[in-house]
Amino acid sequence: MRNFQRRLCAQLEAADGQASFQTDVWERHGGGGGTSRVLEGGAVLEKGGVGFSAVHGEMSAQAAKALLMPNPEFFATGVSVVMHPRSPRVPIVHMNVRYFEAGNGEAWFGGGIDLTPIYVDELQARWFHEQLQAVCDQHDPSYYARFKPWADDYFYLPHRQETRGVGGIFFDRLTVGKEGGAEQLFAFVRSVGDAFGPIYTELMRQNQDLPFGEAEEKWQMVRRARYAEFNLAFDRGTRFGLETGGRTESILMSLPPRCEWHYNLQPTPGSPEATTQAWLRKGVNWVASPAPNSAPLD
């Protein structure tokens, strides 16, 4: 996990071409710690974080129950990534790979990648899902069909009745001995992590020079606010970190540097913003072959 953090930061710095990650090493009261690497003020990336942690100890009984932990004693390690680009043409992205071990010896892996475009490009969304399906298929042909709907359900804002973006894959509690051996599951998690850099830096390259104006920036601030709503109200990783005494600055580095809330703002019918809004729903079959000039597919 430490090695992956270093390699990924190097990939993202090279793709941005201007900013570099600042390193912040921290310790957790109660056991363990981590390294937060944060980039700000890049040519493409306005703010980004790549966090490594390896923590252990005993959580409260309430936290253990809420997180379905079979034992309050735990060890957890992983890398979590969120990138907030400067341009509304470059999508927000999130990735996480993690390993948990409970005090009773039960162990499992989790993770996933999801994409949150400010403006949905149908062909790019399909390409993104095709890359994730290819990674899944290398390990188990059933994975993508299982983990894509899981992402739809997880990255969902019920109070808005919309998905956070175009989804991706999400998986949790791939338990050692039930879902496969430790090496087998770790190999899959490594593949997911290693796929992130090439996929996202290609999306950066394709979109970073596209033009935009004030209207697009306003929509970007609105969509970033939706992202913040999800992370603060629903994200289990945020809750786990805060409830187990994690470092607040590192946990909340996933939040956007700027965002806005406007009262009852609705996209103009037929506008690019309305088109994007129409894509933000569960069950879109992104890997189906699109028809020319197709409408959103169920």
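Taken along the Cα-to-beta-carbon direction at a fixed 7 Å, the label points for residue 18 and residue 104 span 5.2 nm. Each label point was placed 7 Å from the Cα along the Cα-to-Cβ direction; for residue 7 and residue 258 their separation is 3.6 nm. Heavy-atom accessible area with a 1.4 Å probe sorts 1, 221, largest first, into 1, 221. Here segment 36-131 is assigned +1 on the Cβ of each Lys and Arg and -1 on the Cβ of each Asp and Glu. Its dipole about the Cα centre then comes out at about 260 debye. Of 9, 131, 60, which is farthest towards the positive pole of the chain's charge dipole, taken about the Cα centre with +1 and -1 on the beta-carbons of Lys, Arg and Asp, Glu respectively? The listed residue farthest towards the positive side: 60.
In the chain, which helices (entire DSSP H runs) extend 24 Å or more along their own long axis, judged by Cα positions, while averaging at least -1.0 on the Kyte-Doolittle scale? Write out the running numbers ahead of the final one.
On the way: long enough: 182-207 (38 Å, 0.04); 214-233 (29 Å, -1.03).
Length and hydropathy pass: 182-207.
Only protein heavy atoms count here; under a 1.4 Å probe, residue 47 has an accessible surface of about 30 Å².
Given charges of +1 on the Cβ of Lys and Arg and -1 on the Cβ of Asp and Glu, with all other atoms neutral, how large is the dipole of segment 222-262 about its Cα centre, in debye to the nearest 20? Could the numbers behind the result be given before it?
Numbers: 7 positive and 5 negative charges, 28 e Å.
The calculated dipole for segment 222-262 is roughly 140 debye.
Here the label points at residue 71 and residue 153, each 7 Å from Cα along the C-beta direction, are separated by 2.8 nm in the simple model. Database remark: amide H of residue 156 closer than 5 angstrom to the amide H of 164 (H placed geometrically; neighbours at sequence offset of 5 or more, or on other chains; Pro and chain starts carry no H). Charge dipole (Cα centre; +1 on Lys/Arg Cβ, -1 on Asp/Glu Cβ; no other charges) of segment 104-157 amounts to roughly 20 debye. The accessible area of residue 176, taken with all protein chains in place and a 1.4 Å probe, comes to roughly 50 Å².
Which sequence of 148, 282, 178 reflects their accessible areas, 1.4 Å probe, from the largest down? Can you show the working numbers first?
Numbers: 148 20, 282 85, 178 165 Å².
Result of the area sort, largest leading: 178, 282, 148.
Since only 277, 233, 257 are under comparison, the one whose Cα sits farthest along the positive direction of the charge dipole of segment 193-298, derived from C-beta charges on Lys, Arg, Asp and Glu, is 233. For segment 113-133, list residues with backbone N below 13 Å from a point placed 7 Å from the Cα of residue 179 toward its Cβ? Counting only backbone N, you get 113. Taken over the chain, the alpha-carbon convex hull comes to 129 cubic angstrom per residue. Across the protein chains, with a 1.4 Å probe defining accessible surface, the residues 94, 139, 129, 159 rank 159, 139, 94, 129 from largest area downward.
The values are calculated or read from the model by the stated rules, or taken from the named source; none is laboratory data. All figures in this text were calculated on a predicted structure; none of them were measured in a lab. When we count neighbours, we look across all protein chains shown, and the Cβ atoms used for this are built from the backbone with ideal geometry, even at glycine. Keep in mind that these areas ignore ligands, DNA and RNA; they rest on the heavy atoms of the full protein, side chains included. Shrake-Rupley method; radii C 1.70, N 1.55, O 1.52, S 1.80 Å.
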